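Everything on this sheet refers to the single structure shown next.
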Amino acid sequence: MATPLVRKITDWDEYTGRLAAVEAVEIRARVSGYLQSVHFHDGALVKRGDLLFVIDPRPYQAALDEARAIHNRASVQQRSAARDLERGLGLVASRVISDRDLDLLNSQKRAADANLRAAEAAEQSAALNLEFTRILAPIDGRIGRKLVTVGNLVTGEGNDATLLTTLVSVDPIHVYFTADERAFLRYTRLAEQGIRPSSRTVANPVRLQLADEQGFPHEGVMDFVDNRVDEATGTMQGRAIFANPAGDLTPGLFGRLQLLGEGPYEALILPDQAIGTDQAQRLVYVVGADNVVKPQPVTLGRSLGALRVIRSGLKPTDRVVINGIQKLRPGSLVTPVEGQIPEPADGTAAAVSK
């Protein structure tokens, strides 16, 4: 016989999660040409702006030189047309120039302006194409293997652009998981009652364990809950984010994830062996002041190894039979022997200060 342990409990709901990079990029060619050089080691960490590939720039340099020459010629023609128009306007008052000739000068000036703008655009396009021959890392992260070796022809045309490698960010990292409808509705009701805030608006704590780890050493927070329940599976997707400075958390890994469910709250704890079943009802045997036992229906909470949280049905002062309940009958007279309930082994329960 023993009175229930009274402890502060925090409930953690467990899910299976999949790790995914916050940012993932397919590095593709944006111009066509022969791959001239590769500037990274497969699987290395790279910084944003690091040079990754060089496509033979010589054709694009020649195209840029040509575009610049055309731009210069268009600029000269535009200035000449502007001077001709200015002189023509000066002769209008003396009636030396006809309206027809003045209209012609205006047309030549507008055409020269248009040619200059077209030449400027062509030069900018040629400069961009030359810039695209040097492929830089768009984000910090870990790069994959090179998918094209030096000397191969790559294409940069639309959907057929050659995939050169992939790049994923490392720190931080996301973990995606799904919760069923019942869990989603429970979180919604807790938020409505002010017991636990919604993960849509508050970064609720999350813990992560990889396959070879003990406990849940990685601590993160929620940063996304989907806007609809998947009709095919009846689940809601959530996402947590974790710091990953050492890069141990790798995209694609699976892990066990614990999300704050409820708490901390004050709870009563009994051994599982003290809990019996009467049809669909769970009960314990309470010893009265006259040492007569009576069954007491209870509502169970989460498991703590060999112990169980009692959510309702008991008081902290109740004396509960913790051994040999199979031999008991309601109304039996017993000789109480004081026992002791062990502390929870998982460290999720804290003693309540008196």
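This table checks each residue for (1) under 20 Å from Val6 (Cβ atoms); (2) touching a residue at least 24 places away in the same chain (Cβ under 8 Å).
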site	(1), (2)
Asp278	no, no
Arg282	yes, no
Val286	yes, yes
Ala289	no, no
Val293	no, yes
Thr299	yes, no
Leu304	yes, yes
Arg308	yes, yes
Ser312	yes, no
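Filtering region 23-62 to residues that are over 20 Å from Thr162 (Cβ atoms) and aliphatic (A, V, I, L, M) leaves Ala44, Leu45, Ala62.
What tally of residues in region 301-326 results from selecting those that are part of a strand (DSSP E or B) and either at pLDDT below 85 or under 46 Å from the mean Cα position of the chain (by Cα) (or both)? Total meeting the criteria: 10. Set side by side, the residues Leu51, Leu85, Leu45, Leu91 differ, and just one is over 49 Å from the mean Cα position of the chain (by Cα) and surrounded by fewer than 18 Cβ atoms within 10 Å (Cβ to Cβ), which is Leu91.
Would it be correct to say that Val54 is assigned to a strand (DSSP E or B), of a type in the set (A, V, I, L, M) and more than 30 Å from Arg196 (Cβ to Cβ)?
When the stated conditions are applied, Val54 passes them.
Per the listing Gln209, Gln214, the residue uniquely surrounded by 17 or more Cβ atoms within 10 Å (Cβ to Cβ) and within 26 Å of Asp248 (Cβ to Cβ) is Gln209.
Against the numbered list (1) touching a residue at least 12 places away in the same chain (Cβ under 8 Å); (2) assigned to a loop (DSSP other than H, G, I, E, B); (3) exposed (fewer than 15 other Cβ atoms within 10 Å of the Cβ), Val96 comes up short only at (1).
One residue alone among Asp42, Asp11 is under 30 Å from Val321 (Cα atoms), out of contact with any Cys (no Cβ under 7 Å at 6 or more places or on another chain) and outside any helix (DSSP H, G or I), and that residue is Asp11. For region 270-300, a residue qualifies if it is within 50 Å of the chain's Cα centre (by Cα), surrounded by 12 or more Cβ atoms within 10 Å (Cβ to Cβ), more than 17 Å from Gln340 (Cβ to Cβ) and not β-branched (Val, Ile, Thr), and the qualifying residues are Gly276, Arg282, Leu283, Tyr285, Pro295, Gln296, Pro297, Leu300.
For Asn244, state whether it is farther than 15 Å from Asn204 by Cα, without any contact (Cβ under 8 Å) to a residue 24 or more places away in the chain and either small (Gly, Ala, Ser) or out of contact with any Lys or Arg (no Cβ under 6 Å at 6 or more places or on another chain) (or both). No: the conditions fail for Asn244.
The values are calculated or read from the model by the stated rules, or taken from the named source; none is laboratory data. Only a predicted model underlies this, so the values are computations on that prediction, with no experimental measurement involved. Heads up, the Cβs are rebuilt from the backbone with ideal geometry, glycines too, and the neighbour counts pull from every protein chain shown.
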